[in-house]
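Peer 1: Take this structure first; my questions come after.
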Amino acid sequence: MAESELNRRTFLKALGTAVAAGVAQKTFCERPPPVGIEVDPSDPVATSRPVLWAIEHLTQALTTRDVPVVRGTGETTALRLVAAGAQSSVARKMLRASQVEVPTIAESLGIVAVDQHRALLACGHDARGLVYALTELADVVRNADDPMAALGGVETRIEKPANEVRSMMRIFTSEVEDKPWYNDRAMWPQYFDMLAAERFNRFNLGFGIGYDFIRNVTDGYFLFTYPFLLDVPGYKVHVPQLTNQERDRNLEMLKYISEQCVARGLDFHVGLWMHGYEWIDSPHANYTIEGLDKSNHGPYCREAVRMLLKQVPNISGLTFRIHGESGVAEGSFDFWKTVFDGVATCGRTVGIDMHAKGMSQPMIDLALATKQPVTVSPKFWGEHLGMPYHQADIRRIEKPKAENGQGLMALSSGTRSFLRYGYGDLLREDREWRVVHRIWPGTQRLLLWGDAEFAAGYSRAFGFCGSNGVEIMEPLSFKGRRGSGLPGSRCGYADRSLDPRWDWEKYEYSTRVWGRMLYNPETREEALRRPLANQFGNAASPLQAALASVSRILPIVTTAHAPSAANNAYWPEMYFNQSIVDAEHYQPYSDMEAPRVFGNASPFDPELFLSANECAEELLGEKRSGKYTPLDAAQWIENLTSSGRALLAQADQSVVRKDAPGYRRAKVDIEIQTAMGEFFAAKFRAGVLFHLYEISRERAGLNGALDECKKARAAFAAAADAANGVYRNDVTFGEQKFLRGHWLDRLPAIDKDIAQLSSMLAGVNVPEPSGKVAAAIQRARERSRGFTADIVHRRPERFKPGEDLRLEVSRPTAISEVRLHYRHVNQSEDYISAPMERQDLLFAGTIPADYTRTEFPLEYYFEVHKSDGTVGLFPGFVPGLTTQPYFVVRRG
């Protein structure tokens, strides 16, 4: 309902005069017949606590829109709305009459129009499915011009979840910025209303993740979490700077949050990411821990875990960081066995979710020995967000080392290094653990995101090789991290008129896209658009499309260019410039191979993409790999920025209130992302052109790189101008200068790079390019026509271990050669490449029997050479960039 209408009704109620009462009575008398909501009291699904909440949620939506509601069947109604479990007698009767079925799968839903739309059945296989059906109807009511007409037009739909786990994670990292929302009793019901309505089924509240290593700690609130919540009998462990009263309030608040969460049918998890208790080199820490030493550390944590689970019985799962950044050295199996015993002896089922970095089979075995459900959660695209598939391979720097290291990170810096930023070797077919992928907030953490097509691709990817779903670290995660928190706008706005009441309200559309598409990747964009249409009218469609276009930009950037896999170093959204020229230039990108210059940065997926330097070398060489290049990425981005600008212009012409905060927030974020896309597209081209110069020492390559760097600088300045006065001069996600500040701060480093390039021109004595260099420069600047492989391949349904797996592709006359690339679905391994044999109209290849004798699925793709000299990959990417660019075959 419009804010003005709510204010009117509040005013009339407060006025209390006879005239106002008469008007109200007249309005009531003119209302249409009510909607009748019918619930069978003997139906255990329909009378469950989450469903009763959902019925109330729908009732409020109707009454807010002046639609009266009655319960039961005793009154003439405009519409019968029946809420039922799908296996109840009333639901079965109505489903049979409509000739539809609800799948017997957890969380499946049905919304069925019966009796010529005089009745609607909202049903679910279980309570969650029915909650989703009822909240869907509430969403229709809230966003329709005419709610009764909209309900009358609801079409029958049956849906089932694509992902078992659809989790949102909110983390506490800053006393200044996070205490207000943690303690806000008015916020949590509204927040969980949103998550449940958008079909998330889990919420994870994370503590102790503010520091990777417990050195130089300034903000220690909740860092070692237990003593901020509990006084564990038998131990004198406490936080001397924290009163007992505040500690107890923290626990009561955690109980309240958990109750609000489960009341809406969501699972409630808690993340305990830090188990170290000694802050190293931290003279300015605001909170410290006393009462622990090596002798009582493990037993205290065991008792604290058990006590936490008893005090907060709604906790159904705990997330543990088990590698060295937890403050506990990797390989400390006795410590973790002790901690896990606290879960095993809590008296109920509580899932153990272990962050995958540093994971080893002995650690998994310890968790399995508790007889509790075990999940391992690897990072999806490192600490970033790439394109909607699992990277075909990890960066060379993450490949396993021959030996383990020393100290805290012995395993994750040694033989288990390949699990730092991917699924590693976790996807064995015989695994006894679940795998839930986790999206970290590195690529995008501040600006709006929302693209249904990419979200659908991600949704499908989270079932990869039997994976169990995804957990998303919500926008603004790590805001104010490591003592950088600032009072005021958590959304980072300088213009406080743009602040919503609660920070997450800015991202409601982003949350909607994620939740709906993770549940059902076939969800129609019109369903996603409802709240936008309610807010922006005719501008909704172009605004939605503009946001979708620009939302693809930064994931493409991340996929093609990864100077760091760490979110506390690489932030493409507010990029800290890496020099094209100077490897000694100040930069945060330590986890890349030398020389640390822009063109040498690896792609996040080096199996399918080339770096800028590798691209330049291919342009000047004779051999082609068929891999995607920074030039391909630049063209994809340029297409998206062009469409984004045009669509935003359409929205700007259609919107009624350009000054509305929601529209202004969306517009500026689209403008910034568009400009950042133009920046990266130009810099990708500059990186390739500069390496052409480094190889040839011909002036043309250097001139071209300088021209593209100037274009990139102009684009970055446009992003800074759009953000100026809108976002604060200091937006903080960490204490270092590359994790805080403003786009304007980044311009001097870009200018320095341009100045260095300019100064180099004077020393170049080859004014005209050779033919080979001229051709390479032309290819670096032109728009690629792309590559299409006109071949057909039928993927085998399964393979039999220990038997050859024969693969065939058809061979039109234009194809001269095909190479097969394959490996196990195990990121510790490298791909094997082999030529395929020409056999009449086919190319045929074999993955040999020795290689198929494995517990891992197989993945493969084809390198296709055409007779005209062009090379590409198959299946590769479709034009929308939403598909998995390789094939996967699982064991029979």
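Peer 1: Work out the length of the dipole vector of the stretch 552-624 about its Cα centre, built from +1 on the beta-carbon of each Lys and Arg and -1 on the beta-carbon of each Asp and Glu, and round it to the nearest 20 debye.
Peer 2: In total the dipole reaches around 200 debye.
Peer 1: Moving on. Using only Cα atoms, find the angle between the long axis of helix 630-654 and the longest principal axis of the chain, and express it within 0 to 90 degrees, rounded to the nearest 10.
Peer 2: 40 degrees
Peer 1: Still on this structure, I have one more. Just want the answer: with Cβ charges of +1 for Lys and Arg and -1 for Asp and Glu, which residue in Pro68, His57, Leu619 is farthest toward the dipole's positive end in the chain?
Peer 2: Sorting the options by dipole projection puts first Pro68.
Peer 1: Can you flag which of Lys179/Lys357; Lys710/Lys772; Lys379/Lys479; Lys357/Lys737; Lys179/Lys658 are past 31 Å Cα-Cα?
Peer 2: Pairs exceeding 31 Å: Lys179/Lys658.
Peer 1: Give me the net charge for the shell around Val550: Cβ to Cβ below 15 angstrom, other residues only, Lys and Arg +1, Asp and Glu -1.
Peer 2: Surrounding charge for Val550 is -4.
Peer 1: If the viscosity is 1.002 mPa s and the temperature 20 °C, what Stokes-Einstein diffusion coefficient in µm²/s follows for the stretch 338-459 when Rh is the Kirkwood radius over Cα pairs?
Peer 2: 133 µm²/s
Peer 1: Leaving out ligands, DNA and RNA, and with a 1.4 Å probe, what % of the accessible surface on the stretch 207-362 is carbon or sulfur? Could the numbers behind the result be given before it?
Peer 2: Details: 2590 of 5480 Å².
About 47 percent, which is the carbon plus sulfur part of the accessible surface.
Peer 1: Calculate, in whole percent, how much of the Cα-Cα pair population of the stretch 733-810 lies beyond 17 Å. Present the calculation step by step, with values, prior to reporting the outcome.
Peer 2: Details: 2314 of 3003 pairs.
When every Cα pair of the stretch 733-810 is considered, 77 percent fall beyond 17 Å.
Peer 1: Oh, and also: Please report the net charge: other residues with Cβ closer than 13 Å to the Cβ of Asn577, K and R +1, D and E -1.
Peer 2: +2
Peer 1: Counting other Cβ atoms within 10 Å of each Cβ, which trypsin sites (Lys or Arg not before Pro) in the stretch 416-502 have at most 13 and sit in a DSSP loop?
Peer 2: Those that pass, being in a loop and sparsely packed, are Arg501.
Peer 1: Using only Cα atoms, find the angle between the long axis of helix 508-519 and the longest principal axis of the chain, and express it within 0 to 90 degrees, rounded to the nearest 10.
Peer 2: 80 degrees
Peer 1: Summing Lys, Arg as +1 and Asp, Glu as -1, what charge do residues with Cβ under 13 Å from the Cβ of Val597 carry, Val597 excluded?
Peer 2: -3
Peer 1: By DSSP, what percent of the beta bridges with both residues in the chain are antiparallel, rounded to the nearest 5?
Peer 2: Antiparallel: roughly 40 percent of the beta bridges in the chain.
Peer 1: Work out, in µm²/s and without decimals, the Stokes-Einstein translational diffusion coefficient of the stretch 73-215 at 20 °C, 1.002 mPa s, Rh from Kirkwood over C-alpha pairs.
Peer 2: 122 µm²/s
Peer 1: Answer with one residue from Tyr226, Thr629, Gln653: the one whose Cα lies farthest towards the positive end of the charge dipole of the chain, charges on Cβ with Lys, Arg +1 and Asp, Glu -1.
Peer 2: Working it through, the farthest residue towards the positive pole turns out to be Gln653.
Peer 1: I've got another one for you. Can you send over the solvent-accessible area of Glu617, 1.4 Å probe, protein chains only, in Å² to the nearest 10?
Peer 2: The accessible area of Glu617 comes to roughly 90 Å².
Peer 1: Can I ask one more? Checking a compactness column here: for the chain, what do you get for Rg(Cα) / (2.2 N^0.38 Å), N being the number of residues?
Peer 2: Here the Cα radius of gyration is 0.99 times the empirical estimate.
Peer 1: For the stretch 79-148, with every protein chain kept in place, what is the accessible area per residue (1.4 Å probe, Å²)?
Peer 2: On a per-residue basis, 39 Å².
Peer 1: Carbon-plus-sulfur fraction of the accessible area of the stretch 402-453, 1.4 Å probe, in percent?
Peer 2: Carbon-and-sulfur percentage of accessible area, whole number: 43.
Peer 1: May I have the pair-distance distribution P(r) for the stretch 336-404, computed from all Cα-Cα distances with 5 Å bins from 0 and rounded to whole percent?
Peer 2: 3, 13, 21, 18, 14, 13, 11, 6, 1, 0
Peer 1: For n ≥ 4 DSSP H runs only, could you compute -39500 (n - 2.57) per run for the chain, divide by its residues and tell me the 222 nm figure to the nearest 500?
Peer 2: The helix-only estimate for the chain comes to -12000 deg cm²/dmol at 222 nm.
Peer 1: Can I ask one more? How big is D for the stretch 583-734, in µm² s⁻¹ as a whole number, if Stokes-Einstein is applied with the Kirkwood radius of its Cα pairs at 10 °C and 1.306 mPa s?
Peer 2: 91 µm²/s
Peer 1: Hey, what's the Cα Rg ratio for the stretch 581-621 versus the globular rule of thumb, 2.2 N^0.38 Å?
Peer 2: Dividing the Cα radius of gyration by 2.2 N^0.38 Å gives 1.23.
Peer 1: Once you have all Cα-Cα distances for the stretch 260-319, histogram them in 10 Å bins from zero and send the whole-percent values.
Peer 2: 17, 39, 28, 14, 2
Peer 1: If you roll a 1.4 Å probe over the heavy atoms of the protein chains, what accessible area per residue do you get for the stretch 816-871, in Å²?
Peer 2: Solvent-accessible surface per residue comes out at 42 Å².
Peer 1: Still on this model: Can you list, bin by bin at 10 Å, the percent of alpha carbon pairs in the stretch 584-650, starting at 0?
Peer 2: In whole percents, the pair-distance histogram is 18, 36, 28, 15, 2.
Peer 1: How far is the Cα center of the stretch 855-892 from the Cα center of the stretch 185-242, in Å?
Peer 2: Distance between centres, Cα-based: 43 Å.
Peer 1: Cα to Cα, under 25 Å, and not fewer than 8 places away if on the same chain: which lysines meet these conditions relative to Lys160?
Peer 2: Cα-Cα hits under 25 Å: Lys93.
Peer 1: Please list Ser98, Ser412 from largest to smallest accessible area, probe radius 1.4 Å, with all protein chains kept in place.
Peer 2: Ranked list, largest accessible area first: Ser98, Ser412.
Peer 1: Turning to a different aspect of this structure: Please compute the per residue accessible area over the stretch 520-599 with all protein chains in place, 1.4 Å probe, rounded to a whole number of Å².
Peer 2: That works out to 29 Å² for each residue.
Peer 1: Something else about it: Leaving ligands, DNA and RNA out of it, report the carbon-plus-sulfur percent of the accessible area of the stretch 703-828 at a 1.4 Å probe.
Peer 2: About 48 percent, which is the carbon plus sulfur part of the accessible surface.
Peer 1: Something else about it: Give me the angle, in degrees from 0 to 90, between the Cα long axis of helix 699-723 and the longest principal axis of the Cα atoms of the chain, rounded to the nearest 10.
Peer 2: It works out to around 20 degrees.
Peer 1: Ranked by accessible surface with a 1.4 Å probe, highest first, in what order do Asp43, Asp499, Asp751 come? Let's see the in-between values first.
Peer 2: Details: Asp43 10, Asp499 35, Asp751 60 Å².
Heavy-atom accessible area, descending, gives Asp751, Asp499, Asp43.
Peer 1: Which values, in whole Å and largest first, are the semi-axes of the equivalent ellipsoid of the stretch 727-880 obtained as the square root of 5 times each eigenvalue of the Cα gyration tensor?
Peer 2: Values: eigenvalues 395, 153, 43 Å².
Value: 44, 28, 15 Å, ordered largest first.
Peer 1: Distance in nm between label sites at Ala660 and Ala106, each 7 Å beyond Cα in the beta-carbon direction?
Peer 2: Computed distance between label sites Ala660 and Ala106 equals 3.9 nm.
Peer 1: Further, regarding this structure: With every protein chain left in place and a probe of 1.4 Å, what is the accessible surface of Asp659, to the nearest 10 Å²?
Peer 2: Surface accessible to solvent at Asp659 totals approximately 90 Å².
Peer 1: Determine, for each peptide in 359-365, 399-405, the mean count of other beta carbons within 10 angstrom over its residues, then list the peptides with the highest first. Each step should come with its number before you reach the end.
Peer 2: On the way: 359-365: 17.1, 399-405: 13.0.
Put in order of decreasing packing, that is 359-365, 399-405.
Peer 1: Please list Lys379, Lys800, Lys658 from largest to smallest accessible area, probe radius 1.4 Å, with all protein chains kept in place.
Peer 2: Lys800, Lys658, Lys379
The values are calculated or read from the model by the stated rules, or taken from the named source; none is laboratory data. Small disclaimer: the values here were computed from a predicted structure and weren't measured. Cβ coordinates were reconstructed from backbone atoms using ideal geometry, including for glycine residues, and neighbour counts include every protein chain displayed. These accessible areas exclude ligands, DNA and RNA; they are computed on the full protein's heavy atoms, side chains included. Shrake-Rupley method; radii C 1.70, N 1.55, O 1.52, S 1.80 Å.
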